[in-house]
Each structure stands twice: as C-alpha cells, then as structure tokens.
C-alpha cells in the first residue's frame, strides 16, 4: 500500500469508505480546530523533538522485542517474537498516544483532559500525561469496572485525576464513553477529549494511529536487526485497535 500515510485519511477524515466526522453542530468548529492544530504541530520540529525526548527519557522507549523460545516450541516450532509494550511506562501501550494528546492539549491552551476507561489502563495513562503537563484530568469509569479494577482507580486518583463513577445501564465501558463525551460537550473550549482507541470522529483515529505508530516502527527495525528479515505475520489483540494499528502501520508498504 504505497504512500498510505500521504493519502489516508483524506481531507474529510475518510479511510476509503470508512471514517469521517458526524458531529452535533455545536462541536463542528471545535473538531475543526483540533484537526488544524494537530496538522500544524505534527510537522513542526519542536513538537517532534519534544515527543521523541518524552518517548526516550520518560516513557523508556524503545521497548524491546523478545524471542519467546518456549512458546515457539509449544506452538510447533515456529518463531514467535513479542513486542514488550508492557515495559512502556505505566505498563501498556496507552501512554504512547496519551503523551501526544497531552502535548496537543498544551499547544491548544486547554486546561483539562477528559476520557473514559474500562480496565483502567487508558485512564492511568491519561492521568499520567495530565500530571506530566500540569493539566486537570477527568476519567469516567463504570461502577462495575471500578470494582473489578480498583487498583487502577487508586493509581488514577494518586496521579491527581478525578474519577467519575458511571451508574447508568450496565455500568461498564459503553456507558462510560457516553458519560465522558457528555462531559466534554459541556466544556470543549477548555478541555480536550483524550480518546483511547482508533475510533470516533475525525481527527481521533488519525491522532491515535500516528502516536501509536512508534510501536510498529521500533518492532520493524528490531526484528530486522535480530533476524535479517521481515516477519511472515503480525498478530495483535484488538479492542479499540490502538495497539494493532500501531504495530501494523509500519508494515503497510511491505508485501
């Protein structure tokens, strides 16, 4: 897929037939502002340099690629390599896009980051980014998830975030998304919605894809250095898709 990043998404946020931004009228100008701000700063030397410095000196990147020898034997003798995003600061890949979103929020003069979380990893990562950049943080989480993932609730609060319990419906992630977006609707001038997946209206899928691309870029270089070739297959778990597109995106121009 040559020149994928030059052509996807198009100016209206479409990846082929998918994508776009279908928004209530009161948010259209705010999302246009986010898009324009990101397209401006993502090409600036200052933004790129600062994000690279954060990746190296705060997040601990690059994370290693590890040959899982016994797992490979158990699977019948293939070679399985693991990209160790669990060794990224806060224990998951989520901080990759959260630090980028924090930089964007600071550039736009926003005072608060708002998001939903299910298992809590995105909430912890966004609370970490907010603390790093000196921003307020508001995390919406279903009561069921808060009970199951109580240690992450404690971590978010220790980082200074306000955790909003969501009591409606099934009291899990779906309701937390609705609650967080409702809160954002009431304060878009001063806050930025810190999306945690490659979903939602443009430019959110583009933002998360670009910030997570570091996973694939590192993995491609590391695997080639270790083996002298490219992998036959790439595998990733998929919920909202942030870690999957992060890995896959660096290989889109390969056969």
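The values are calculated or read from the model by the stated rules, or taken from the named source; none is laboratory data. These numbers were taken from a predicted model, which means no experiment stands behind them. No Cβ is skipped: glycine too gets one built from the backbone with ideal geometry, and neighbour counts run over all protein chains shown.
Here are the numbers:
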quantity	calculated
Single residue of the range 106-128 satisfying the filter (part of a helix (DSSP H, G or I) and surrounded by fewer than 24 Cβ atoms within 10 Å (Cβ to Cβ)) that is nearest to the chain's Cα centre (by Cα)	121
Criterion: free of Cβ contacts under 8 Å to residues at least 12 places away in the same chain and within 25 Å of residue 104 (Cα to Cα) - qualifying residue of 179, 186	186
Scope the range 178-203; condition under 17 Å from residue 5 (Cβ atoms) and at pLDDT below 95; matching residues	198
Yes/no for residue 161 being over 30 Å from residue 56 (Cα atoms) and touching a helix residue (DSSP H, G or I) at 6+ places or on another chain (Cβ under 8 Å)	no
Which listed residue is over 25 Å from residue 61 (Cα atoms), touching a strand residue (DSSP E or B) at 6+ places or on another chain (Cβ under 9 Å) and either crowded, with 22+ Cβ neighbours inside 10 Å or free of Cβ contacts under 8 Å to residues at least 60 places away in the same chain (or both), from 169, 196	169
Residue within the range 201-221 that is touching a strand residue (DSSP E or B) at 6+ places or on another chain (Cβ under 7 Å), crowded, with 19+ Cβ neighbours inside 10 Å and within 22 Å of residue 105 (Cα to Cα) present	yes
Residue match in the range 49-61 (condition: touching a residue at least 24 places away in the same chain (Cβ under 8 Å), outside any helix (DSSP H, G or I) and surrounded by fewer than 14 Cβ atoms within 10 Å (Cβ to Cβ))	yes
Hits in the range 104-133 - residues which are out of contact with any helix residue (DSSP H, G or I) (no Cβ under 8 Å at 6 or more places or on another chain) and free of Cβ contacts under 8 Å to residues at least 60 places away in the same chain	109, 131
Helices (runs of 4 or more DSSP H) wholly inside the range 158-255 that include at least 2 residues being within 14 Å of the chain's Cα centre (by Cα) and within 19 Å of residue 97 (Cβ to Cβ)	204-227, 242-248
Residues of the range 62-71 classified as part of a loop (DSSP other than H, G, I, E, B), touching a residue at least 24 places away in the same chain (Cβ under 8 Å) and surrounded by fewer than 20 Cβ atoms within 10 Å (Cβ to Cβ), total	2
Residue in the range 72-86 that is buried (at least 19 other Cβ atoms within 10 Å of the Cβ) and at pLDDT 95 or above present	yes
Selection status of residue 91, touching a residue at least 24 places away in the same chain (Cβ under 8 Å), touching a helix residue (DSSP H, G or I) at 6+ places or on another chain (Cβ under 9 Å) and in a helix (DSSP H, G or I)	no
One residue from 34, 41 being touching a helix residue (DSSP H, G or I) at 6+ places or on another chain (Cβ under 6 Å) and surrounded by 15 or more Cβ atoms within 10 Å (Cβ to Cβ)	41
